[in-house]
Amino acid sequence: MLNVAIVGCGKIADAHAYQIERIAGCRIVAVCDTEPLMARQLADRFQVPRYFTDLTELLNESKPDVVHITTPPESHFKIASVCIERGCHVYVEKPFTLNYPDAQRLIALAEHHKRKLTAGHDGQFGHATRRMRTLVQSGYLGGAPVHIESYYCYELGDSGYVRALLSDKQHWVRRLPGKLLHNIISHGVAKVAEFMTSDAPQVVAHGFVSPFLKQRGEAEIIDELRVIISDGGATTAYFTFSSQMRPALHQLRVFGPKNGLILDQDQETLIKLRGGRLKSYLEKFIPPVDLARQYLGNFSQNVRSFLARDFHMTAGMH
Amino acid sequence: MIDETAIVRPDDLILVTGATGFIGTKLVENLLDRGFRRLRCFSRPSSSMEKLDALSERFRGRAEIQLLKGNLLRREDCLAAAKDVAVVYHLAAGAGEKSFPDAFMNSVVTTRNLLDACLQQGVPRRFVNVSSFTVYSNLEKPKGRLLDESCPLEFHPERVSDAYCYAKVKQDELVTEYGKQHGIPYVVVRPGSVYGPGKKQITGRIGVDTFGIFLHLGGGNRIQFTYIDNCADAIALAGLKAGIDGEVFNIVDDDLPTSRAFLRLYKRNVRSFASVYIPHAISYLLCRLWEKYSAWSFGQLPPVFNRRRWHAEMKRTSYSNAKLKTRLGWAPKVSMEEGLKRFFQGCRETGQHA
């Protein structure tokens, strides 16, 4: 039996707890939050035997094998370091750390202690994403990706979250070095990073405050971002983050020397784009039929996964 | 006018949290109309101050309205809010939150912070905790029985799959605990479905809009409506009357309409739309199936429809405001007929409707 602890008992901790409960051979042995009421409510709702307000006490008394860290981002590095040093495998919610050097140090620490360390990019492990990975590994693209496009959008709208973020100058998202972008874009960037060979690619970024936010008197929070990434000429990528474009895509397009793929995370669809062209008017008639067949296949696959009770919204954490 | 027996005087400072909300604004107006001259109105930084500004203007020179923006999750903001207050009306809550942790944090943690601040700044003469009907359990109650203040609270709120219900049950427990352990004099008020101009949604006890078709679930059930002015009046009295510490009051109006009657009037007076009546036996069966499927599929569909919730919201129940009338001397100033007329008119004028 794998003993799991959750540190940080806010909104995202619920998703972790639900997914941990689904895994045979796993149990949540303790939860921790500096706010005792929050720790108690999570323990109460998931029948967790112990709750703590102090991480050291949790590690000493509950001795977890795995720790899920779902605290605010600025605490990730410190908590993860302590857990790894105490021999735990660690799952860190995104954003992984506040900066690149901290991420490097944390990875080195995990390697040194031979512990597993995971960043919480659960979108990387959805059904369609895994199918895409299998295809790429089988050589479907015909070689290394030539170009990648990643869209990761976020509808700001007029939600309570937006109102709180805009009106509260002490909001925790504002305290992050990259503010809103820092909290969200790593999901979309991780999809690009998977296919880049360089750890330090060239990056040209253009960010700005959308007219939507400007109208609300906001000048600090960048919610539109366009990025060009190049890892020395072999592979290039565009990354787009937008709070305003519709549809608010969560999509990855990967183009190889022979074929391409389009992954839609929201719809859980994966579409193959064949590189060759048909003769004359056939190119106008045959490919739409093939696309229709592929979408039907995706629909069928999604229905089968749902009926097999394997289609949970946060299944990527599983 | 202020009752001679009230526990506060006209110049005592009164705190209203959630003061910019639907009920909060009306409560502030009610207290000002009663002749109270010092009100501290606490609200989130993101709240619109339009209505409170209008009240400030209307009562200029007659009352001091302190507009205090802050976050009850911050203890320093709570200390500022609780300083020198004689009565606290605590309306702020995590209403509308679907996430359990968010609802809990914005209802329970905030309430704890405010209660702690009250202990530090001097215990007020009364802490009025605004709760909800959602805290009651109907599970073991026979169909049609009276639901009043003596009925049990939901003992497994986490199983109702309603974040607001869970948070409100825990909030009530906390207030009671502080009352017992720290001697904070409190009163709990539980409004039913508060309606009036400005309210957009039809309560879920009548039905739910699903994929463009309104599923009418309430049928012949009486809906525990309270018109906004009547509700604010009852809440105001709960903070003023002597000799009611530790008591609970349900707030419902007289002449409660059935769900079917309300829906008919709504369609006739506001807008027409398609609705399908789901008999109670069918809705119970669907809730049971949904609950079973949710458990079998490890939450692939969250158990938002379940038997506990059906018992709480769909089971035929009658309501009473007898305690409110006898102990607080409350009587609804706006009749159901007049209240519904104003509500429908408000919906038509603003174009805001379900």
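The values are calculated or read from the model by the stated rules, or taken from the named source; none is laboratory data. Values in this document were obtained by computation on a predicted structure and should not be read as measured data. Cβ atoms come from the backbone with ideal geometry, glycine included; neighbour counts cover every protein chain shown.
Points worth noting:
- Top-ranked residue in the stretch B:249-302 [being in contact with a Ser or Thr (Cβ under 6 Å, 6 or more places away or on another chain) and assigned to a loop (DSSP other than H, G, I, E, B); ranked as surrounded by the most Cβ atoms within 10 Å (Cβ to Cβ)]: B:Val252
- Considering the stretch A:145-170, the residues that are over 21 Å from A:Ser242 (Cβ atoms) and at pLDDT 95 or above include one that is farthest from the other protein chains (Cβ to nearest Cβ), namely A:Val146.
- Residues within the stretch B:90-110 that are on the phi < 0 side of the Ramachandran plot and either outside any helix (DSSP H, G or I) or more than 22 Å from the chain's Cα centre (by Cα) (or both), tallied: 9
- Candidates are the residues of the stretch B:139-155 that are under 18 Å from the mean Cα position of the chain (by Cα) and under 29 Å from A:Lys11 (Cβ atoms); the one that is farthest from the other protein chains (Cβ to nearest Cβ) is B:Leu153.
- Selection status of A:Leu261, hydrophobic (A, V, I, L, M, F, W, C), in the same structural domain as A:Ala190 (by TED's automatic domain parsing) and not in a loop (DSSP other than H, G, I, E, B): no
- The strands (runs of 3 or more DSSP E) found wholly in the stretch A:2-105 and carrying at least 1 residues that are surrounded by 19 or more Cβ atoms within 10 Å (Cβ to Cβ) and without any contact (Cβ under 8 Å) to a residue 24 or more places away in the chain occupy A:50-52.
Yes/no matrix, rows are residues, columns are (1) in contact with a helix residue (DSSP H, G or I) (Cβ under 8 Å, 6 or more places away or on another chain); (2) within 14 Å of chain A (Cβ to nearest Cβ); (3) modelled with pLDDT of 95 or more:
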residue	(1), (2), (3)
B:Ile14	yes, no, yes
B:Asn30	yes, no, yes
B:Ser48	no, yes, no
B:Glu57	no, no, no
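- So B:Leu67, is it farther than 20 Å from A:His171 by Cα and either of a type in the set (A, V, I, L, M) or within 14 Å of another protein chain (Cβ to nearest Cβ) (or both): yes
- In the stretch B:58-89, the residues that are part of a helix (DSSP H, G or I), over 20 Å from B:Pro10 (Cβ atoms) and without any contact (Cβ under 8 Å) to a residue 60 or more places away in the chain: B:Arg75, B:Glu76, B:Asp77, B:Cys78, B:Leu79, B:Ala80
- Inspection of the stretch B:309-331 identifies at least one residue that is touching a Lys or Arg at 6+ places or on another chain (Cβ under 7 Å), more than 14 Å from chain A (Cβ to nearest Cβ), part of a helix (DSSP H, G or I) and crowded, with 18+ Cβ neighbours inside 10 Å.
- Flag for B:Val16 being touching a Phe, Trp or Tyr at 6+ places or on another chain (Cβ under 7 Å), surrounded by 22 or more Cβ atoms within 10 Å (Cβ to Cβ) and not in a loop (DSSP other than H, G, I, E, B): yes
- B:Ile23 within 19 Å of B:Leu240 (Cβ to Cβ), part of a strand (DSSP E or B), touching a residue at least 12 places away in the same chain (Cβ under 8 Å) and in contact with a helix residue (DSSP H, G or I) (Cβ under 8 Å, 6 or more places away or on another chain): no
- Within the stretch B:115-130, being surrounded by fewer than 24 Cβ atoms within 10 Å (Cβ to Cβ) and either within 13 Å of B:Gln171 (Cα to Cα) or within 14 Å of chain A (Cβ to nearest Cβ) (or both) holds for one residue alone: B:Asp116.
Residues are listed down the side, and each one gets a yes or a no for (1) farther than 24 Å from B:Pro197 by Cα; (2) more than 14 Å from every other protein chain (Cβ to nearest Cβ); (3) of a type in the set (Gly, Ala, Ser); (4) surrounded by fewer than 19 Cβ atoms within 10 Å (Cβ to Cβ):
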position	(1), (2), (3), (4)
B:Asp3	yes, yes, no, yes
B:Gly35	yes, yes, yes, yes
B:Asp53	no, yes, no, yes
B:Arg60	yes, yes, no, yes
B:Phe100	yes, no, no, no
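- Taken as a whole, the condition of being without any contact (Cβ under 8 Å) to a residue 12 or more places away in the chain, within 14 Å of chain A (Cβ to nearest Cβ) and of a type outside the set (Ser, Thr, Tyr) applies to B:Ala295.
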